[in-house]
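Only one structure is covered here, and it is reproduced in the block below.
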Amino acid sequence: ERGVALAGFRRWCQKCLGSCVAVWDHEEAVAARKKQEAKGWASDKKMMFSPFSRTLQALGWPEATNKEMRSLVLTSLDLIGCGVVERRDLEWLDKWRAP
């Protein structure tokens, strides 16, 4: 299930934005990171799941409102299990090859 979810997310990123890491660099994500910093989040190198999810919804990811699919993708990207996504997670997904 996780592999299918990640593969679908990766396809959408590549089709709509050119790459997965382009999500991180998009102005919507930049604005979301600045907003979380203003609320006391100490890092611009990590995004909590909520702002990242809102970014994906703003960018038009079709599964952004599907709680189960969104959770599968986000928890799969969160390699350390802390409820955050980093740029390197998206870089990894760009290089990943689905089984």
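The values are calculated or read from the model by the stated rules, or taken from the named source; none is laboratory data. Worth saying up front: this structure is predicted, and the values here are computed from it rather than measured. Positions of Cβ are generated from backbone atoms using ideal geometry, with glycine treated the same way; all protein chains shown enter the neighbour counts.
Residues are listed down the side, and each one gets a yes or a no for (1) of a type in the set (Asp, Glu); (2) modelled with pLDDT of 95 or more; (3) surrounded by 15 or more Cβ atoms within 10 Å (Cβ to Cβ):
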| residue | (1), (2), (3) |
| --- | --- |
| CYS16 | no, yes, no |
| TRP24 | no, yes, yes |
| GLU37 | yes, no, no |
| SER53 | no, yes, yes |
| LEU59 | no, yes, yes |
| PRO62 | no, yes, no |
| ILE80 | no, no, no |
| VAL85 | no, yes, yes |
| PRO99 | no, no, no |
Members of region 57-74 found to be free of Cβ contacts under 8 Å to residues at least 40 places away in the same chain and either acidic (Asp, Glu) or more than 14 Å from ALA29 (Cα to Cα) (or both), listed by number
ALA64, THR65, ASN66, LYS67, GLU68, ARG70, SER71, LEU74
If you go through region 11-47, how many residues are β-branched (Val, Ile, Thr) and closer than 17 Å to PRO62 by Cα?
1
Among (1) of a type outside the set (S, T, N, Q); (2) surrounded by fewer than 19 Cβ atoms within 10 Å (Cβ to Cβ); (3) in contact (Cβ under 8 Å) with a residue 60 or more places away in the chain, the one test that CYS20 misses:
(2)
If you scan region 81-99, which residues turn out to be without any contact (Cβ under 8 Å) to a residue 40 or more places away in the chain and over 11 Å from the mean Cα position of the chain (by Cα)?
GLY81, CYS82, GLY83, TRP92, LYS95, ARG97
